[in-house]
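Read the structure below first, then the notes.
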Amino acid sequence: MFAIGFRCGRCGATYDLDEVRYVCPRDGPEGTLDVLYDYERLRATTSPARLEEHPSRSIWRYAPLLPLRPETLRRVEGAGVLQAVGWTPLYRAERTARRLGLRAVYIKDDGRNPTASFKDRASAVVALKAIEEGVSTITTASSGNAAAALAGMAAALDLRAIIFVPHTAPEAKVAQLLIYGARVFLVEGAYDEAFDLTLAAAEAFGWYCRNTAYNPFTREGKKTAAYEIWEQMGGRVPDRLFVSVGDGNILTGLWKGFRDLTALGWIERPPILMGVQAEGAAVLARAWVEGREDIHPEPPRTIADSIAVGQPRDARFALRAVRETGGAFLTVADEEILAAMRTLAQEAGVFAEPAAAAAFAGLEKAVREGLMREEETVLVMITGNGLKDIPSAMRAVGHAARISAEIPTALRQLREAIR
Ligand SMILES: *Cc1c(COP(=O)(O)O)cnc(C)c1O
Ligand SMILES: [Zn+2]
């Protein structure tokens, strides 16, 4: 294993891997930990060519860059969907590029993961970490997708999953949890409250806690998307990348992956990272605009449930990721998100849930506001599948027309309807 320790994102203190479990003891949950690697040793034993030869089309092809022991990684073999996490398709969206006047627009469709969201990457790594820790029960708070991913991965590894989601979570996500056999508790509160409840429950019952950013390995799972982008683009990275932001952990995961590639000397620098938030859940975007390091939590209000976060847990790293790559935070209105769901589906054939379409809405806004140059190559990270939230999709498009089953009547109706 090439992971060698942790560094606190707040005070900079470093720790051995077995010295702390979740966050910096000095700073508490604000001191999220970054996993450190021995890049020199990595560089000496692995190479892009060696990665390319790897037979597995999944995140496990990046095993040397993951903080898991070889004997833990052997558990992936035979463990159901765990084997299929990642290596999601990357498409070129030519029509979109032409309409927006950009050199190229790429879409990475993480809705194509086994449980249909980006969260499989984190939950897969953290579920294996639970096994390494010798714990058989794993818990998480989630707006829905992280939990669905954890429930699926736990089922595949025969772990018990105990889930806390807001009682307002979309029905499809709750159905996923139940069908995977998780114990599900619908919290009478928002995601931020479920988060704190989960910390307390994990502590009280001795469960392993997956909570986003609080568990330092969620970011490590999420970083694999950056490696895939680099490999799928033939050893290059886009100029600019748009991603939707709730806790900010996908954003920092992507940044981490690109920083790893930079440290290994395989790319020159990470892409410019653009964080997109919903107008009604824009704590990070507001801190960004006001040039603050600290965040002012606010109750979230948006149809994009997966980014309905009032107290982003990876705030410090997320602000740094955007600043250090020369990016920005943007906000988009719910109406813009619904419109983006339609456009993305009708222009590229990709059906995204609202939180995922927010990233695409962010790209359109950045173009509209003249934030980009024409020669740019852009990537939009699509983080979750549209089938996870049917009511929002129906809101985006309205209802379908009925037609008679009697052919003469139907033809008359068609003559009126299709002009
Ligand atoms: C979780 C999630 C996000 C946001 O990820 P954060 O790490 O919370 O910023 C975006 N889109 C979808 C579909 C998600 O499930
Ligand atoms: Zn600290």
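No value in this document is a laboratory result; all are computed from the given coordinates. Just so you know, these numbers come straight off a predicted model, no measurement behind them. Heads up, the Cβs are rebuilt from the backbone with ideal geometry, glycines too, and the neighbour counts pull from every protein chain shown.
Please go through the residue pairs LYS129/LYS388; LYS173/LYS365; LYS173/LYS256; LYS108/LYS223 and name each one whose alpha carbons sit more than 25 Å apart in this structure. Listed pairs above 25 Å: LYS129/LYS388; LYS173/LYS365; LYS173/LYS256. Within the listed set PHE242, PHE217, PHE205, the Gaussian network model of the chain (springs between alpha-carbon atoms below 10 Å) gives the highest mean-square fluctuation for PHE205. Taken over the range 120-205, the percentage of Cα pairs per 10 Å bin, counting from 0 up to the bin with the maximum distance, is 20, 55, 24, 1. The calculated 222 nm mean residue ellipticity attributable to helices in the chain amounts to -12000 deg cm²/dmol, summing -39500 (n - 2.57) over DSSP H runs of n ≥ 4 and dividing by all residues.
I'd like the distance between the alpha-carbon centres of the range 272-304 and the range 40-84, rounded to an integer number of Å. For the range 272-304 versus the range 40-84, the Cα centre distance is 35 Å. Can you list residues from other chains, or at least 5 along the same chain, whose modelled amide H is less than 5 Å from the amide H of ARG103? For ARG103, the qualifying residues are GLU376. Using the Cα coordinates of the range 1-148, the gyration tensor eigenvalues translate into equivalent-ellipsoid semi-axes of 29, 20, 19 Å, sorted from longest to shortest.
Summing charges over neighbours of THR377, with a neighbour being any other residue whose Cβ is under 9 Å away from its Cβ, gives 0 when K and R count +1 and D and E count -1. Mind telling me which of ASP16, ASP260, ASP305 comes out most flexible in a GNM of the chain, alpha-carbon contacts under 10 Å? Ranking ASP16, ASP260, ASP305 by mean-square fluctuation puts ASP16 first. Relative to one another, the C-alpha centroids of the range 98-166 and the range 319-366 are positioned 20 Å apart. Were the residues from ARG320 through GLU374 laid out at 0.36 nm apart, the gain over their Cα-Cα distance would be 16.8 nm.
Counting only Cα atoms, the size of the chain along its three principal axes is 74, 48, 47 Å, in decreasing order.
When DSSP beta bridges are restricted to pairs lying wholly in the chain, around 30% turn out antiparallel. Size check on the range 1-65: the Cα extents along the three principal axes, sorted descending, read 43, 23, 18 Å. Within the listed set VAL289, VAL276, VAL243, the Gaussian network model of the chain (springs between alpha-carbon atoms below 10 Å) gives the highest mean-square fluctuation for VAL289.
The orientation-averaged shadow of the Cα convex hull for the range 241-297, equal to a quarter of the hull surface, comes to 4.3 nm².
When you count, for each residue, the other Cβ atoms within 10 Å and take the mean per peptide, how do 39-50, 218-229, 367-378 rank with the highest first?
218-229, 367-378, 39-50
Computed over neighbours whose Cβ is under 13 Å from that of LEU90, the net charge equals +1, Lys and Arg +1, Asp and Glu -1. Footprinting exposure proxy ranking of TYR191, TYR22, fewest other C-beta atoms within 10 angstrom first, gives TYR22, TYR191.
For ARG74 and ALA401, the difference between the fully extended length at 0.36 nm per residue and the C-alpha to C-alpha distance is 112.5 nm. When only Cα pairs below 8 angstrom with a gap of at least 6 residues are kept, the chain shows a relative contact order of 16 percent.
Extent along the principal axes, Cα only, for the range 274-419: 67, 38, 21 Å, with the longest axis given first.
Rg over Rh of the range 191-316, using C-alpha atoms and the Kirkwood radius, what does it come to? Rounded to two decimals, Rg/Rh equals 1.02.
Once the other residues with Cβ under 13 Å from the Cβ of PHE351 are scored (Lys, Arg +1; Asp, Glu -1), what is the net sum? Net local charge, PHE351 excluded: -2.
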